Structures are given as C-alpha cells and as structure tokens.
1. Taking only the range B:139-155 into account, find how many residues are within 13 Å of chain A (Cβ to nearest Cβ) and among the small types (Gly, Ala, Ser).
2. Residue B:314 fails exactly one of the following numbered conditions: (1) more than 30 Å from residue B:438 (Cβ to Cβ); (2) touching a Cys at 6+ places or on another chain (Cβ under 6 Å); (3) open to solvent by less than 40 Å² (accessible area, probe 1.4 Å). What is the number of that condition?
3. Of everything in the range A:230-248, what is among the charged types (D, E, K, R) and within 10 Å of another protein chain (Cβ to nearest Cβ)? Give them in sequence order.
4. List the number of the failed condition for residue B:321; all other conditions in (1) over 23 Å from the mean Cα position of the chain (by Cα); (2) surrounded by 14 or more Cβ atoms within 10 Å (Cβ to Cβ); (3) at pLDDT 95 or above hold.
5. Run down A:66, A:5, A:11 and say which single residue is touching a residue at least 24 places away in the same chain (Cβ under 8 Å), in contact with a Pro (Cβ under 9 Å, 6 or more places away or on another chain) and within 14 Å of chain B (Cβ to nearest Cβ).
6. Of all residues in the range A:77-119, count the ones that are touching a residue at least 40 places away in the same chain (Cβ under 8 Å) and in a loop (DSSP other than H, G, I, E, B).
7. Considering only strands (runs of 3 or more DSSP E) fully contained in the range B:75-155, which possess at least 2 residues that are closer than 17 Å to residue B:182 by Cα?
8. Looking only at the range B:328-363, which residues are among the acidic types (Asp, Glu), at pLDDT 90 or above and assigned to a loop (DSSP other than H, G, I, E, B)?
Amino acid sequence: MAQRGIREYDGKKILANNWKEYFGDEFIYDFKSILITPETDLEEIPQNYPWVSDTPLVAKPDMLFGKRGKLGLILFKKEKPGDVKWEDVKEWIKQKMAEETEINGVKGHLTHFLVEPFVPHKPEEEYYVAMTTGEDEDIIYMSAFGGIDVEENWDKVVEVRIPITASDEEIKKIISENVPADIKDKEKYADFVYRLYKLFRDLHFAYLEINPLVMVGNKIYPLDFVGKLDDTAQFVAGRKWGDIEFPAGFGRDLTPEEKYIKEMDEKSGASLKLTILNPEGRIWTLVAGGGASVVYADTVADLGWVKELANYGEYSGNPSRTETREYVKTVFDLMTRQKHSSGKPKILIIGGAIANFTDVAKTFDGIIDAMKEYADKLREVGIRIYVRRGGPNYEIGLKRIKQAAEELGLPIEVYGPETHMTEIVKKAIDDDTKEVA
Amino acid sequence: MSKPEYLLFDKDTKAIFWNLNRNAIQRMLDYDYVVGRSPSIVAIVAPTQSRKFDKFFYGTKEIMIPIYKSTEDAAKDFPEADVLLNFASFRTAYNVTMEALDIPTIRTIAITAEGIPERFARTMRVKAKKLGKWIIGPATVGGIAPGAFRIANTGGTIQNIINSKLHRPGSVGLVTRSGGLFNELSNIISRNANGLAEGIAIGGDRFPGSDFLDHMLRFEKNPQVKMMVLLGEVGGELEYRVAEAIKDGRITKPVIAWCIGTISKHFGGEVQFGHAGAKAGAERETADAKNKALREAGAYVPKSFNDLPELIRGVYEELHAKGEIPEIKEPEVPPIPEDYAKALKEGKVRKPTNFICTISDDRGEEATYCGVPISEVVEKGYSIADVIGLLWFKKKFPEWASNFIDMVIKVVADHGPAVSGAHNTKVTARAGKDLMSSIVTGILTIGPRFGGAIDGAAKYFKMAQEKEMDPYEFVDYMKNVEKIPIPGIGHRIKSIKNPDKRVELLKNYAKNNFPSTDLLDYALEVEKVTTSKKENLILNVDGTIGVLLVDMFRALGYSDKEIDELINAGAFNAFFVLGRTIGFIGHYLDEKRLDMPLYRHPFDDILYDVKRPEE
C-alpha cells in the first residue's frame, strides 16, 4: 500500500515515544493528547486524564483531513480563545458525532477527535516545518511564518533538498546554512529540524508537517501534526511506531455489501475489492485483476456509459472457489434487487486479461456456482452476459460457463484472447443500441 | 560475449537466481529450451539451503544447478553472469540488491518483491544510477527479450508465450507498469504487429529502479526496435519524461501510448481505482492529463483502451509498407515435454504405483486414520486403543475390546529396571546416547526370550485347542515334541495360592465382557495340569494376554487362519512392544534426569576364562 496517513494523535504519540532517542534533553515535549472514538467513555476521561479538569482545552476531528480551522471544526473558544472546558468539549464532540458532516463534497460522520491543552502563544512563536520525499532526495520546508496562512506566505518558505544518501554532517550543514532569516534562534531551530529529519528518515515517514510549530525556549509544542508513513516499512520501523493504525480517513460510510467484501478480503490471501458506484446502473462488472478492472471501468466511461456503471471491483491472487462464489453472489444480489428503470436487461461483464498462472476454469467454477443460485432472479430482472478471459485452461472455463448459462436460460457470449480485452464492452453497448434501433 | 550497451539481455545472457524458486527457474529453463538457447540460469543463491545443487529439466534432460550461500560466491564462480534475478522477500530484497550492486560482474538486477519500503527503493535506485547499473522493479514480473532471455514468470505459460510470439524477436519495444497487463499487451502486439523485440514491466511501486524512459532510450538505440508501446497509469509523473523525450528528439521512433485510469475523473478522490500507487495526487497525475501530454508531444494516443489494437496495427502497417520492418521467418518450436504431475492431473498419463496404503491418507484437507479425520478421532473421544484398532486392524473396536487393549498396554508398560530391555536402555542412556538409540537397544531385546511369551502362548494354546489335544496331551507334546517350556506358563514367585493380581483382573474382565473366552478356558484347564506338578506353573500375565487376544479376535470375527497370520506378522508382539516402549522411555528420561556416568560392568561380576588358542 505504501504511503498512508496516520492520525494526528498517533503522529504525536510516535514523537513522544521516540523523543529521548532523537531529541534527548535538548528539547522538551510534554505529550498531552487524548484520542476520543465512538468507543470512548467520555465520563471516564476526567479520571484518567485529571488535567482536563483544570486546563483550557482544544478539540478537533482527527480523521486525516486538513483545513479543520477553515471548516470551523476546531473548538478553541466559546467567548474568547482558551475558555473551553471539558464539559464544553464533551457536548461539542457528542453533537459532532451525531450529525452528518460534509467534507470536500463527501458526506459522512465524524468519529475520531483529538483533545489537547490550549497553548497560549504569540504569533511570532509560530514556525513551520515540513518534510517530504522526492525521488532521489528528501525535501525540507522551513519557515518563520507558520499557522493557517502558511500557503499565503509560501514565498517565505525555504526549501532544501537532502540527498537520500547524505551523511549526518552533510545534513546538518545543508539545514543550518538554509534556516530562514526571520527565525529568531536559528541555531536552535536548525538543531530541532535536523533531529526531526533524522526521526523522519529512520522511521520511514513519507510526509511530516508541523504547523504551527511553537518553540518557547527549548519547549516544543507541535500544535498541528500531519504525518504519512510508508506502511511497507512496518518490519523495519514497526517497533518505533508502536501501536498505531492506518485509518481509511473521512469518507462515505461503506454499504453492508462493501463491508462484507472488505472483511472477506482482509481474511483472505487473495484480493477481493468491491465499490458500489451506482446501484441503479445497468452495467455490472466482475473483473479479474487490478489492472484489468481499471481498464474495463475506463472503457465503459470512454464509450460514454459511465452513468450506467454500477460497480467497480476486482478479484485476483488466486481466490478459492468458495471466495469467488461469495464475491459473485454479493454482486448478483445487488444487481437483481430491482429491474432497471428503463425495463431493459442489465449487462454483466465478466472480464479479465490473459492470466499468468491462475487456473481460469477453476475460478469460473465459482462464478457458475453463484449463477446457478441466482438463475431465477437473474432471469427475472433480465440480463445479458459477456465474457472475455485468457490464460491457463481458458478454453475449458469458457466452455463451462457458456454451457451453464445456456442451461439456465441466461443469454451469454464468450470470448478468448483472440478478442481484444475490452471489445466485450463495445459489443454489449452495440447490441443494446441495435435493439433500440 | 560482449553485447551493445543498449541491450540488457541477449541469447548468451547468464543469470544468477536469488532464492530457490523452483517453479520460476523451471519456467525459465523451459523457455530457454523452446527458443533453442543454453540454460540461462547458472547458479542459485539460497543462504538457508543445506543442499549444494538442485535438479531441473532442460527439455527432457535433467541438469544440475549449483546452490550458493551468497551472491558473491556465485558471482566468483560465474563471472559471465551479469544478471541477478532477486526473488528475495520484501524483508531481504534490499540487502541482496545493495550487496549485488557492489559486485562488478553484475550489471542488471530484477526485483520481484512487493512491499519494499520506499526509502530502500530510492536508495537502491540512486546507488544503481551512480554505478551505471540497471534495476528492474521492485514489484514486477520483470520482462522478456523474445528469443533470448525471459525473466522468471514473464509471459505466463509456455503455451501463452508461443501464442503471443514471445519466443522469437519482433519489432516492438514494450514498457508497462503492472505485470498483470503485460501478457495482454504482448498478445495485442503479436496480433496487430509482429511481436515484441523487448518488453519490460517497470513495477507498480512509486519509485521504480528504472523507469519507462530509461528503457525507451535503450529501445531508441536498438535497431531491432522499430516502434514502442507505453502503457502508463494514473498517478506519478513518469510518463511526462517520455513526453519530454519525444518533444526534444531523444526519442524519434513511433510511440503508441495509453495511460489507464481515465475513469477516476468521474468519481473524484472518493473511489480508489486499481492499486494504491495508482492514485492521482494532483491534476497533472491523472490519466487524462498524461494522455493529453503524450498526444501533444507526438505520441500516438488512442481515444480509449479499446482502440489501442487498431492504432498499433496502423503504425505497424505503415512502417511495414515503408519496408522498415523485415519479414520474420517463424522458427520451429520444439515441443516442451509435459510435466508428469500436470499430465497426470489431466488424465493423460498413468503409471503403476510402487506402494499401497490402506490405513491412512494425508492427501486431503486433513489426514485420516482409516478414513476417520484426526479431528473426529479427538472430538469423538477415541481412546489410544481405538486408534490402535483403526491403524493396526482397520477396525472400530467395540468398547469391550478397546477397554481390554487399554488394560493390556497398561499392564505391559514396565517391569522394573532389571529386565533386559530396560537394562539396555539404561546402559545406553548412560553412554551418553540419545533417546532413539537408547530405547532401540531396549526394543531390540524383545524376542523369544524377553516379552515373546504373548506370541508363543497364543500360538501354542491356539494350536493345541484347534488340534483338540486334551490338556495332558498338550503338556506332553510341548515336553516331548517342541522340547520347550509352555510359553505363558510359570512365574518366579506367584502361584496358585498366591495368584497374580494382574492376571485375576484380566481374567475377570474377559469373563464379564468378552462374548466368549474359549481359549482362556482351555488354558485354565492346562494350568490345572501344570500346577498339579508344581505350584508356580500358573498361567502368567503373558499367557493370559496371549490367549485372551485370540479370544478377542475370534469374537471380532477373525477366522483362525487370519489370527495365525496376525501372530506370524508380529501383531500380538506389537502390543508388548508398544506398551513396553512407554517404560523404556521412562527409564531413558530417568537416566537423563539422574545424569549417571558411563556404566562399566565390574570385573568381579564376570567369570574370566581366557586361554590362548591351541597352536
């Protein structure tokens, strides 16, 4: 999966857990953060974290999306900044969890919140630091002007590039020579950035941003933290990460069918993916292989039928016959719930590229099993099936699926590698248009 | 042997394969055989393998390929191998690559592992570029130079390779990201042009060791390549480098390009199409933007993937009409001998078996004892005796028989440290030997004189009863004809007045539970005769077990002849061997616990009577 966002809470926890090793006693960070989830008993918080009772607080959603300030999703004041008490936080979180929220055009529910002490500070103490990975270099962004307006002040951000194989001395030199002029204590800032970069590198961060970074003497307050880790480095850096999660982020709630396939996918060595795009759509796809599934979806859209594309998904990595059957049944169940509004038959694309070593006949057996179970419903709703596949035993697979469909009274056309992979999409659409004419 | 810079592989390319991946290696050798070149794999590196070589087929012939502990050792012995196929896992692949980059004779490394950390991938990439070496991957099936060299599994089955004309060079250079669509593209190109000159799948990771352009610049220099096909993807910016190179004239040959993932514009960032790498971070990274850029740079870009074949055909035919593409004489392809396992599965071959097994089966989901899955044995509460029934006699014993066998095992389990078997076990254990050696020395003493009485009693009492000898007749027969004491009769201390409690228990159990105790009754008649001569000539525990086992098998429906076969096969003795092994193990563990030194028999316990041989 590679680069994946982590919660602000987990990011800060990683900092705190590795603070001694990377920052020693040169810098001090008092980690005081609470993650609130739907499972959290809010009544127990004051017991477990006594400081919430006598400290002004800040609360914000912790679900990977940014611009929370601009979205009005940071609770830091009632009348004036720094007057938010635990009771206010509790009510606010309860309310936010209950109502539907729209973020960047996606509607869903807020589920995770971060609660921290309110840190009063002067604007000139707000710095900015971010790190990211380029191709052969890492890039560090440094600025004396942090806060929510950093993008407006981007011309004041200094960008330095650290060759991936640079030695500690080289890194130190590059950073300290490039500290922005407006930073008061340059030496201290450079030292902090150098140490943070070492942690960034050792812990396989792909992205790290602290904005604002408040430095008061040698006390560090990372008021906002955005981090992405390279999750493939679990085996190298997992111990330093500790117990963290890679959340899916704010999004549309999964349908029960999508959830079912997701759970099956997590348990299986094979890959099973399903996203419902439009349950009312006429074109349903069952495609083997990640690349091929994209190509089929592309082609439906490129031929102008994207509005009728009902689902996107793929199965690959040699799923068992049972897994294939369950996957296909889930799709059949969705597509046979109602007739299409136009009364026209639905179109089922069973597609795939030429398999390397997957036994096509075997995977088709799983599809045939599901077809038999849903034959009545499929006939009722009306269906036309188009199949294209190649690879080991494809002839047997195609023959079997054709025979099964015909016996069940389901119209079917089957094609092998002599037919272009996406040609069945075109055939299906052509057949449909012909019928209209 | 030297080849032009622009070629990574030719017909003489030799490779070292890291990891003993038998399937992939065999597929490469099958390919070598089909295209008529010598075996391309010269060595295997597998640090955890204890073997020095492995056998593979080259056609019908078997060849040996040496296995090394390190790439360095393999490279020392095979300096002509300039390719390393790194099939190490994602945990190890980085170290293997970094080490191999330092070996001067290795120029190209293909890495298949998925899930190598990006920082590692970038470091490998930087190092390789610095050294002027090539990395293909990570996370790739590799690539193929048709007619010359195939990386591992590229191209799929041999049948598909021939169908897609990957067994001889064509005129098209292909670069893709994913291996999944590599076969599909090879197929399209073989049907609409004359096949591949070379094809590389650069891998699905964000930071491939070499990218589209790196390989296309090689294709540009390679006179065999007349046109190129690029299959890109949504996400990343690698395709722009190709567009730049077309614009600035570094690439002059026709390029047909298509980036998949055009669907994503219809669903925003909400839906993840394809794998995680295939996500557009910015407008520039969308498939549409990249297709547009390539089209503007002068590449042939279709309207949709569906039009790709037609476009390839068009470009090919134009070049062909201009006479730029030489005619290809299709080579003859030697048939690849079918693998025995595969042919067998498909019902194409048969052979007589060398062994037969009728008691257990480990081929299915779960091993079975005489048809009963082991889990069922546990769940249904089978006793050890029931398991003996299944595996020794292929029977589900009735409860009365199981209980009896259970008693027998308990009764014979041990008889103190002084008997020959236990003694041997102890002496061997004290000599510092292992469990197996120690108990075997004990078991080896079991025979006619030690523990053999069960067999003997069963045999002689049964014989006498069958021949309808009366007890007196039998006692005389044993004395005069067989000239041995009756097996199973007699005890060191026990007598008719001081009966052996074990014997009483067994007899009572049989009387109360066996359907019939015919032979026991007969033996007891014999006992009356022998004890009338001497008080301690009782039916002892071995004798009781022997005759009761006969009664048991009779009641279970075995014929007398079948029971004789069991006795002759050692089945009765087996109960003693099994039971007493429990004791032997006990004595062995006892010795280990006590840590007693080597045992030396005292001189005064041996009568020395040694004389010089007569001259």
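1. 4
2. (2)
3. To start, the set of residues in the range A:230-248 that are among the charged types (D, E, K, R) comprises A:230-231, A:239-240, A:243, A:245.
A:230, A:231 - these are the residues of the range A:230-248 that are among the charged types (D, E, K, R) and within 10 Å of another protein chain (Cβ to nearest Cβ).
4. The number of the failed condition is (2).
5. Values: A:66 fails: in contact with a Pro (Cβ under 9 Å, 6 or more places away or on another chain); A:11 fails: within 14 Å of chain B (Cβ to nearest Cβ).
Criteria check complete, one pass: A:5.
6. Final tally of qualifying residues: 5.
7. Working: elements: B:81-86, B:108-111, B:134-136, B:143-145.
Because the criterion is at least 2 residues that are closer than 17 Å to residue B:182 by Cα, the strands (runs of 3 or more DSSP E) in the range B:75-155 that meet it are B:108-111, B:143-145.
8. The first filter runs over the range B:328-363 and keeps only residues among the acidic types (Asp, Glu), leaving B:330, B:332, B:338-339, B:346, B:361-362.
Subset that is at pLDDT 90 or above: B:330, B:332, B:361-362.
Result: B:330, B:332, B:362.
The values are calculated or read from the model by the stated rules, or taken from the named source; none is laboratory data. Note that this is a predicted model, so its numbers are computed, not measured. Neighbour counts run over all protein chains shown; Cβ positions are idealised from the backbone, glycine included. Only protein heavy atoms, including side chains, enter the accessible area calculation; ligands, DNA and RNA are left aside. Shrake-Rupley method; radii C 1.70, N 1.55, O 1.52, S 1.80 Å.
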